[in-house]
């Protein structure tokens with residue numbers, strides 16, 4: 001490799017410098033072209049890197065917005081389902097208490113409890129006999145000491 005020389009004394013210049021280390025004369029500044037990179041090429045590289053960063057930022061922002069929107073939709077759906085579940089549970093408990101009231105009324109009239117929920121519905125046609133959450137029929141459990149209405153999801157009253 002051939003090194004550039006000082007224009008005054010001809011000394012080989014190994015380092016980039018503004019002054020000849022041998023004779024001390026001022027040297028013209030070396031251009032970027034002398035080291036193999038043009039200013040135009042360097043500008044293009046900087047512009048390309050800037051564009052890549054901008055595009056990456058835009059893509060990241062877009063996916064972040066989509067993720068945030070999807071998360072909000074899922075949260076809203078869960079909230080709606082939770083509210084619906086609470087409403088269904090409240091209706092279920094109300095239904096079971098109405099069945100118990102009908103059992104007590106039946107007992108007052110007949111001296112015994114009705115263990116068949118369909119027969120109890122004939123006695124009181126306003127009863128709702130299924131859980132609003134799963135659509136399954138309630139069951140009646142009669143012991144010597146108590147009467148209970150059972151729901152497969154919400155338990156027993």
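For the range 1-22, the set of residues classified as part of a loop (DSSP other than H, G, I, E, B), in contact with a strand residue (DSSP E or B) (Cβ under 7 Å, 6 or more places away or on another chain) and surrounded by 12 or more Cβ atoms within 10 Å (Cβ to Cβ) consists of 11, 13, listed by residue number. What tally of residues in the range 104-117 results from selecting those that are surrounded by fewer than 10 Cβ atoms within 10 Å (Cβ to Cβ) and either outside any loop (DSSP other than H, G, I, E, B) or outside the structural domain of residue 142 (by TED's automatic domain parsing) (or both)? Number satisfying all stated conditions: 2.
For residue 98, the conditions (1) within 30 Å of residue 131 (Cβ to Cβ); (2) modelled with pLDDT under 85; (3) surrounded by 11 or more Cβ atoms within 10 Å (Cβ to Cβ) are fulfilled apart from (2). Of all residues in the range 80-136, those that are touching a helix residue (DSSP H, G or I) at 6+ places or on another chain (Cβ under 9 Å) and in contact (Cβ under 8 Å) with a residue 60 or more places away in the chain total 0.
The values are calculated or read from the model by the stated rules, or taken from the named source; none is laboratory data. Since this is a predicted model, take the numbers as computed values, not measurements. All Cβ positions, even for glycine, are placed from backbone atoms using ideal geometry, and neighbour counts span all protein chains on display.
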